[in-house]
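Asker: There's a structure below that I have some questions on.
The values are calculated or read from the model by the stated rules, or taken from the named source; none is laboratory data. Please read all numbers here as calculations on a predicted model, not as lab measurements. Positions of Cβ are backbone-derived with ideal geometry, glycine not excepted, and every protein chain shown enters the neighbour counts. In case anyone asks, the SASA skips ligands and DNA or RNA and just uses the protein heavy atoms, side chains included. Shrake-Rupley method; radii C 1.70, N 1.55, O 1.52, S 1.80 Å.
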Amino acid sequence: MTQSRSRPFSEVIYVSIVYVILAGTGILCLFPFVNVLAKSLSANWAIVSGKVGLWPIDFNLKNIGFVIDDNMFQRGFLISVSLTVVGTLASVVMTAVSAYPLSKKHLPGIKFVLLLYIFTMLFNGGLVPNYLLIKNLGLMNNLMSLVLPALINVFNLLLMKNYYESLPESLEESAKLDGASNLRIVLRIIIPLSAPVFATISLFYAVSFWGDWFHPMLYLNDPALKPLQLYMRDVVLQASNENLLNQDNDLLLNVSPEGIRNATIIVSTIPILLVYPFLQKHFIKGILIGSVKG
(Lines give C-alpha, C1' and ligand atoms only; values in the text may rest on other atoms or scores of the structure.)
Protein backbone atom coordinates (compact mmCIF):
# COMPACT_ATOMS: atom_id res chain seq x y z
CA MET A 1 0.00 0.00 0.00
CA THR A 2 1.57 3.26 -1.11
CA GLN A 3 1.82 6.07 1.39
CA SER A 4 0.70 9.49 0.19
CA ARG A 5 3.55 11.96 -0.10
CA SER A 6 3.18 14.95 2.21
CA ARG A 7 3.96 18.41 0.92
CA PRO A 8 7.19 20.08 2.02
CA PHE A 9 6.71 22.71 4.72
CA SER A 10 8.07 25.46 2.44
CA GLU A 11 5.50 24.61 -0.23
CA VAL A 12 2.69 24.75 2.34
CA ILE A 13 3.86 28.19 3.47
CA TYR A 14 4.10 29.42 -0.13
CA VAL A 15 0.59 28.17 -1.03
CA SER A 16 -0.83 29.69 2.17
CA ILE A 17 0.71 33.09 1.39
CA VAL A 18 -0.66 32.97 -2.16
CA TYR A 19 -4.17 32.19 -0.90
CA VAL A 20 -3.99 34.98 1.69
CA ILE A 21 -2.89 37.50 -0.95
CA LEU A 22 -5.62 36.39 -3.37
CA ALA A 23 -8.27 36.49 -0.66
CA GLY A 24 -7.14 39.93 0.51
CA THR A 25 -7.13 41.29 -3.04
CA GLY A 26 -10.58 39.88 -3.67
CA ILE A 27 -11.95 41.47 -0.50
CA LEU A 28 -10.42 44.85 -1.39
CA CYS A 29 -12.00 44.68 -4.85
CA LEU A 30 -15.34 43.79 -3.27
CA PHE A 31 -15.42 46.75 -0.84
CA PRO A 32 -16.44 49.43 -3.41
CA PHE A 33 -19.27 47.26 -4.74
CA VAL A 34 -20.54 46.56 -1.22
CA ASN A 35 -20.43 50.29 -0.44
CA VAL A 36 -22.44 51.11 -3.56
CA LEU A 37 -24.95 48.39 -2.65
CA ALA A 38 -25.26 49.74 0.91
CA LYS A 39 -25.91 53.28 -0.35
CA SER A 40 -28.54 52.06 -2.79
CA LEU A 41 -30.41 50.46 0.14
CA SER A 42 -30.02 53.34 2.62
CA ALA A 43 -32.20 56.33 3.42
CA ASN A 44 -31.51 59.77 2.03
CA TRP A 45 -30.35 61.32 5.34
CA ALA A 46 -27.80 58.52 5.91
CA ILE A 47 -26.32 58.92 2.42
CA VAL A 48 -26.13 62.71 2.63
CA SER A 49 -24.51 62.61 6.09
CA GLY A 50 -21.84 60.18 4.85
CA LYS A 51 -22.58 57.57 7.50
CA VAL A 52 -23.10 54.66 5.08
CA GLY A 53 -20.17 52.28 4.97
CA LEU A 54 -20.50 48.59 4.22
CA TRP A 55 -23.95 48.16 5.72
CA PRO A 56 -27.24 49.92 4.84
CA ILE A 57 -28.58 52.45 7.32
CA ASP A 58 -32.35 52.81 7.68
CA PHE A 59 -32.87 50.06 5.11
CA ASN A 60 -35.34 50.81 2.30
CA LEU A 61 -35.87 50.02 -1.36
CA LYS A 62 -37.04 53.48 -2.45
CA ASN A 63 -33.90 54.24 -4.50
CA ILE A 64 -34.04 50.95 -6.37
CA GLY A 65 -37.79 51.24 -6.82
CA PHE A 66 -37.38 54.76 -8.22
CA VAL A 67 -34.86 53.50 -10.79
CA ILE A 68 -36.89 50.45 -11.83
CA ASP A 69 -40.08 52.50 -12.25
CA ASP A 70 -38.36 54.93 -14.62
CA ASN A 71 -39.62 54.38 -18.18
CA MET A 72 -36.22 55.31 -19.63
CA PHE A 73 -34.57 52.69 -17.45
CA GLN A 74 -37.04 50.01 -18.52
CA ARG A 75 -36.57 50.84 -22.21
CA GLY A 76 -32.78 50.94 -21.86
CA PHE A 77 -32.81 47.63 -19.99
CA LEU A 78 -34.80 45.90 -22.74
CA ILE A 79 -32.53 47.35 -25.42
CA SER A 80 -29.40 46.18 -23.58
CA VAL A 81 -30.79 42.69 -23.04
CA SER A 82 -31.80 42.38 -26.70
CA LEU A 83 -28.47 43.78 -27.86
CA THR A 84 -26.50 41.44 -25.60
CA VAL A 85 -28.44 38.32 -26.58
CA VAL A 86 -28.43 38.99 -30.33
CA GLY A 87 -24.84 40.28 -30.37
CA THR A 88 -23.51 37.36 -28.32
CA LEU A 89 -25.24 34.71 -30.42
CA ALA A 90 -24.14 36.30 -33.69
CA SER A 91 -20.57 36.79 -32.48
CA VAL A 92 -20.23 33.23 -31.16
CA VAL A 93 -21.52 31.80 -34.45
CA MET A 94 -19.22 33.98 -36.57
CA THR A 95 -16.23 33.26 -34.34
CA ALA A 96 -16.86 29.51 -34.41
CA VAL A 97 -17.28 29.48 -38.18
CA SER A 98 -14.10 31.51 -38.72
CA ALA A 99 -11.97 29.64 -36.17
CA TYR A 100 -12.64 26.14 -37.52
CA PRO A 101 -10.85 26.50 -40.91
CA LEU A 102 -8.05 28.46 -39.21
CA SER A 103 -7.37 25.42 -37.04
CA LYS A 104 -6.60 23.31 -40.14
CA LYS A 105 -2.91 23.98 -40.75
CA HIS A 106 -2.85 21.88 -43.94
CA LEU A 107 -5.11 24.30 -45.82
CA PRO A 108 -3.20 26.39 -48.39
CA GLY A 109 -2.70 30.04 -47.43
CA ILE A 110 -4.20 29.59 -43.97
CA LYS A 111 -1.16 31.09 -42.24
CA PHE A 112 -1.48 34.27 -44.30
CA VAL A 113 -5.19 34.55 -43.44
CA LEU A 114 -4.37 34.07 -39.75
CA LEU A 115 -1.72 36.80 -40.03
CA LEU A 116 -4.35 39.17 -41.39
CA TYR A 117 -6.53 38.53 -38.35
CA ILE A 118 -3.61 39.08 -35.96
CA PHE A 119 -2.70 42.30 -37.80
CA THR A 120 -6.06 43.78 -36.79
CA MET A 121 -5.19 43.20 -33.13
CA LEU A 122 -2.19 45.52 -33.46
CA PHE A 123 -3.44 48.13 -35.93
CA ASN A 124 -6.80 49.66 -36.73
CA GLY A 125 -8.18 52.63 -38.64
CA GLY A 126 -8.87 54.69 -35.55
CA LEU A 127 -11.90 56.47 -34.14
CA VAL A 128 -12.63 58.91 -36.97
CA PRO A 129 -12.41 56.36 -39.86
CA ASN A 130 -14.64 53.95 -37.92
CA TYR A 131 -17.19 56.70 -37.33
CA LEU A 132 -17.16 57.70 -41.00
CA LEU A 133 -17.55 54.05 -42.01
CA ILE A 134 -20.63 53.61 -39.83
CA LYS A 135 -22.07 56.88 -41.13
CA ASN A 136 -21.47 56.03 -44.81
CA LEU A 137 -23.03 52.60 -44.32
CA GLY A 138 -26.21 54.30 -43.08
CA LEU A 139 -26.01 52.68 -39.64
CA MET A 140 -26.29 55.83 -37.52
CA ASN A 141 -29.14 55.51 -34.99
CA ASN A 142 -29.25 51.80 -35.75
CA LEU A 143 -28.53 49.09 -33.18
CA MET A 144 -26.70 47.11 -35.86
CA SER A 145 -23.93 49.72 -35.61
CA LEU A 146 -23.12 48.15 -32.23
CA VAL A 147 -23.34 44.52 -33.39
CA LEU A 148 -21.70 44.34 -36.82
CA PRO A 149 -18.30 45.91 -35.93
CA ALA A 150 -18.03 43.62 -32.89
CA LEU A 151 -18.98 40.33 -34.52
CA ILE A 152 -15.47 38.87 -34.27
CA ASN A 153 -12.98 39.56 -31.52
CA VAL A 154 -9.58 38.25 -32.64
CA PHE A 155 -8.56 37.22 -29.11
CA ASN A 156 -11.70 35.09 -28.81
CA LEU A 157 -11.07 33.77 -32.32
CA LEU A 158 -7.58 32.59 -31.38
CA LEU A 159 -8.93 31.10 -28.16
CA MET A 160 -11.44 29.01 -30.08
CA LYS A 161 -8.92 28.12 -32.80
CA ASN A 162 -6.48 26.78 -30.21
CA TYR A 163 -9.25 24.79 -28.57
CA TYR A 164 -10.19 23.20 -31.89
CA GLU A 165 -6.54 22.22 -32.37
CA SER A 166 -6.56 20.47 -28.99
CA LEU A 167 -9.24 18.05 -30.17
CA PRO A 168 -7.91 14.71 -31.50
CA GLU A 169 -7.75 14.59 -35.29
CA SER A 170 -8.69 10.92 -35.15
CA LEU A 171 -12.27 11.92 -34.33
CA GLU A 172 -12.68 13.71 -37.65
CA GLU A 173 -10.81 11.02 -39.57
CA SER A 174 -13.01 8.24 -38.23
CA ALA A 175 -16.15 10.28 -38.99
CA LYS A 176 -14.98 10.85 -42.58
CA LEU A 177 -14.38 7.11 -42.97
CA ASP A 178 -18.01 6.60 -41.96
CA GLY A 179 -19.09 8.98 -44.70
CA ALA A 180 -19.81 12.09 -42.61
CA SER A 181 -19.58 15.45 -44.39
CA ASN A 182 -17.61 18.40 -43.00
CA LEU A 183 -20.82 20.13 -41.90
CA ARG A 184 -22.02 17.02 -40.11
CA ILE A 185 -18.66 16.64 -38.38
CA VAL A 186 -18.83 20.20 -37.11
CA LEU A 187 -22.43 19.98 -35.92
CA ARG A 188 -22.34 16.49 -34.41
CA ILE A 189 -18.76 16.19 -33.13
CA ILE A 190 -16.84 19.47 -32.90
CA ILE A 191 -19.52 21.72 -31.39
CA PRO A 192 -20.68 19.25 -28.67
CA LEU A 193 -17.05 18.78 -27.61
CA SER A 194 -16.41 22.53 -27.54
CA ALA A 195 -18.84 23.50 -24.77
CA PRO A 196 -16.08 24.90 -22.49
CA VAL A 197 -14.69 27.33 -25.06
CA PHE A 198 -18.20 28.27 -26.23
CA ALA A 199 -19.12 29.15 -22.65
CA THR A 200 -15.91 31.14 -22.26
CA ILE A 201 -16.23 33.33 -25.32
CA SER A 202 -19.99 33.70 -24.77
CA LEU A 203 -19.23 35.26 -21.39
CA PHE A 204 -16.57 37.50 -22.94
CA TYR A 205 -18.92 38.70 -25.67
CA ALA A 206 -21.87 39.14 -23.29
CA VAL A 207 -19.85 41.29 -20.88
CA SER A 208 -18.52 43.33 -23.80
CA PHE A 209 -21.95 44.03 -25.29
CA TRP A 210 -23.58 44.64 -21.92
CA GLY A 211 -20.96 47.07 -20.65
CA ASP A 212 -20.41 49.05 -23.86
CA TRP A 213 -21.39 52.72 -23.53
CA PHE A 214 -18.78 54.43 -25.70
CA HIS A 215 -19.97 53.18 -29.09
CA PRO A 216 -23.66 53.86 -28.34
CA MET A 217 -22.64 57.39 -27.38
CA LEU A 218 -21.00 57.81 -30.80
CA TYR A 219 -23.55 56.14 -33.05
CA LEU A 220 -26.92 56.58 -31.30
CA ASN A 221 -28.40 60.06 -31.07
CA ASP A 222 -32.01 58.97 -30.67
CA PRO A 223 -32.94 58.88 -26.92
CA ALA A 224 -35.36 56.02 -27.63
CA LEU A 225 -32.41 53.80 -28.65
CA LYS A 226 -30.24 54.42 -25.60
CA PRO A 227 -29.06 51.15 -24.04
CA LEU A 228 -28.90 50.76 -20.29
CA GLN A 229 -25.22 51.62 -19.90
CA LEU A 230 -25.64 54.91 -21.75
CA TYR A 231 -28.67 55.70 -19.59
CA MET A 232 -26.62 54.84 -16.50
CA ARG A 233 -23.85 57.19 -17.66
CA ASP A 234 -26.34 60.02 -17.96
CA VAL A 235 -27.73 59.29 -14.49
CA VAL A 236 -24.27 59.19 -12.91
CA LEU A 237 -23.31 62.49 -14.55
CA GLN A 238 -26.60 64.34 -14.16
CA ALA A 239 -27.92 62.68 -10.99
CA SER A 240 -31.42 62.60 -12.50
CA ASN A 241 -32.41 65.81 -10.71
CA GLU A 242 -35.12 66.56 -13.30
CA ASN A 243 -36.90 63.31 -12.46
CA LEU A 244 -36.77 64.06 -8.75
CA LEU A 245 -38.62 67.35 -9.21
CA ASN A 246 -41.67 65.47 -10.48
CA GLN A 247 -42.02 63.27 -7.39
CA ASP A 248 -44.11 63.81 -4.27
CA ASN A 249 -42.63 65.08 -1.02
CA ASP A 250 -42.83 61.71 0.73
CA LEU A 251 -40.62 60.12 -1.89
CA LEU A 252 -38.13 63.00 -1.82
CA LEU A 253 -37.49 62.27 1.87
CA ASN A 254 -36.22 58.80 1.01
CA VAL A 255 -34.39 59.19 -2.30
CA SER A 256 -31.51 61.40 -3.36
CA PRO A 257 -29.36 61.91 -6.46
CA GLU A 258 -26.53 59.98 -4.79
CA GLY A 259 -28.85 57.11 -3.89
CA ILE A 260 -30.21 57.00 -7.43
CA ARG A 261 -26.68 56.86 -8.84
CA ASN A 262 -25.78 53.88 -6.69
CA ALA A 263 -29.10 52.12 -7.25
CA THR A 264 -28.70 52.49 -11.02
CA ILE A 265 -25.20 50.96 -10.86
CA ILE A 266 -26.44 48.01 -8.80
CA VAL A 267 -29.51 47.31 -10.93
CA SER A 268 -27.48 47.45 -14.15
CA THR A 269 -24.69 45.24 -12.79
CA ILE A 270 -26.68 42.39 -11.26
CA PRO A 271 -28.06 40.90 -14.55
CA ILE A 272 -24.62 40.22 -16.03
CA LEU A 273 -23.38 38.88 -12.68
CA LEU A 274 -26.18 36.32 -12.70
CA VAL A 275 -24.91 34.90 -15.99
CA TYR A 276 -21.51 33.85 -14.64
CA PRO A 277 -22.65 30.99 -12.31
CA PHE A 278 -24.24 29.18 -15.26
CA LEU A 279 -21.00 29.35 -17.27
CA GLN A 280 -18.52 28.84 -14.44
CA LYS A 281 -18.55 25.05 -14.93
CA HIS A 282 -16.89 25.37 -18.35
CA PHE A 283 -15.17 28.73 -18.03
CA ILE A 284 -11.85 27.75 -16.44
CA LYS A 285 -11.36 24.69 -18.64
CA GLY A 286 -12.09 26.65 -21.79
CA ILE A 287 -9.80 29.56 -21.02
CA LEU A 288 -6.89 27.33 -19.99
CA ILE A 289 -7.01 24.88 -22.91
CA GLY A 290 -7.75 27.57 -25.47
CA SER A 291 -4.94 29.84 -24.34
CA VAL A 292 -2.17 27.27 -23.83
CA LYS A 293 -2.59 24.93 -26.76
CA GLY A 294 -1.20 25.82 -30.20
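Asker: With a 1.4 Å probe and every protein chain left in place, tell me how much accessible area Met144 has, in Å² to the nearest 10.
Answerer: The value for Met144 is about 80 Å².
Asker: Suppose each label sits 7 Å from its Cα in the direction of the beta carbon; what would the Asn71-Val20 distance come out to in nanometres?
Answerer: Reported label-point gap for Asn71 and Val20 is 5.8 nm.
Asker: Here's a follow-up. Any idea what angle helix 9-40 forms with the longest principal axis of the chain, computed on alpha-carbon atoms, 0 to 90 degrees, nearest 10?
Answerer: So the inclination is approximately 40 degrees.
Asker: A further question follows. Taking chymotrypsin sites (Phe, Trp or Tyr not before Pro) as exposed when DSSP calls them loop (any state but H, G, I, E, B) and at most 14 other Cβ atoms lie within 10 Å, what is the longest stretch of the chain free of them, the sites themselves excluded? Walk me through the numbers on the way to the answer.
Answerer: On the way: sites that count: Phe59, Phe123.
Segment 124-294 is the longest.
Asker: Then there's this: Between the alpha-carbon centers of region 82-126 and region 191-217, tell me the distance in whole angstrom.
Answerer: After rounding, the separation between the Cα centres reads 14 Å.
Asker: While we're looking at this one, here's another question. What does the accessible area per residue of the chain come to in Å², with a 1.4 Å probe and no ligands, DNA or RNA counted?
Answerer: Working: 17900 Å² over 294 residues.
Ligands and nucleic acids excluded, the result is 61 Å² per residue.
Asker: Can you put Lys39, Lys176, Lys62 in order of accessible area, largest first, using a 1.4 Å probe? Spell out each step's value before the answer.
Answerer: On the way: Lys39 50, Lys176 110, Lys62 80 Å².
Heavy-atom accessible area, descending, gives Lys176, Lys62, Lys39.
Asker: Just want the answer: with Cβ charges of +1 for Lys and Arg and -1 for Asp and Glu, which residue in Pro257, Val186, Gly76 is farthest toward the dipole's positive end in the chain?
Answerer: Ranked along the dipole, the leading option is Val186.
Asker: Rounding to the nearest 20 debye, state how big the charge dipole of the chain is about its Cα centre with +1 on each Lys and Arg Cβ and -1 on each Asp and Glu Cβ.
Answerer: Numbers: 20 positive and 16 negative charges, 204 e Å.
With only Lys, Arg, Asp and Glu charged at Cβ, the dipole is about 980 debye.
Asker: With a 1.4 Å probe and all protein chains in place, put Glu169, Glu11 in order of accessible area, largest first.
Answerer: On the way: Glu169 135, Glu11 75 Å².
Ranked from most to least accessible, the order is Glu169, Glu11.
Asker: Quick check on the chain: helices-only [θ] at 222 nm, where DSSP H runs of length 4 and up contribute -39,500 (n - 2.57) each and the sum goes over total residues. Nearest 500, please.
Answerer: Values: 16 runs with 209 residues, N = 294.
Value at 222 nm, helices only: -22500 deg cm²/dmol.
Asker: Where does helix 110-122 land angle-wise versus the long Cα axis of the chain, in degrees 0 to 90, nearest 10?
Answerer: 20
Asker: Over the chain, what is the relative contact order in whole percent, taking alpha-carbon pairs under 8 Å and six or more residues apart?
Answerer: Values: 307 pairs, mean separation 89.2, N = 294.
In percent, rounded to a whole number, it is 30.
Asker: Follow-up question, since we're still on this one. With angles folded into 0 to 90 degrees, how steeply does helix 228-238 sit against the dominant principal axis of the chain? Use alpha carbons for both and round to 10.
Answerer: Long axis of 228-238 versus the principal axis of the chain: about 40 degrees.
Asker: Find the centroid of the Cα atoms in region 32-70 and in region 143-164, then give the distance between the two in whole Å.
Answerer: Between the Cα centres of region 32-70 and region 143-164 lies a distance of 38 Å.
Asker: Of the accessible area of region 1-60, with the probe set at 1.4 angstrom, what percent is carbon plus sulfur? List each step's numbers first, then the result.
Answerer: Numbers: 3320 of 4710 Å².
That fraction is 70 percent.
Asker: Past 27 Å, Cα to Cα: identify those pairs from Lys135/Lys226; Lys104/Lys176; Lys51/Lys226; Lys104/Lys135; Lys62/Lys226, in the order given. Mind showing how you got there, number by number?
Answerer: Numbers: Lys135/Lys226 18 Å; Lys104/Lys176 15 Å; Lys51/Lys226 34 Å; Lys104/Lys135 37 Å; Lys62/Lys226 24 Å.
As for pairs spanning more than 27 Å Cα to Cα, those are Lys51/Lys226; Lys104/Lys135.
Asker: I want to check the label-to-label distance for Lys111 and Glu169. Put each point 7 Å from Cα in the C-beta direction and report it in nm to one decimal.
Answerer: Simple spin-label model gives 1.6 nm for this pair.
Asker: How many nm is it between the label spots at Leu61 and Cys29, if each spot is 7 Å from the Cα in line with the beta carbon?
Answerer: Result: 3.0 nm between the two label points.
Asker: Within a Cβ distance under 14 Å of Glu172, other residues only, what is the Lys/Arg minus Asp/Glu net charge?
Answerer: Working: positive: Lys104, Lys105, Lys176, Arg184, Arg188; negative: Glu165, Glu169, Glu173, Asp178.
Taking every other residue near Glu172 into account, the sum is +1.
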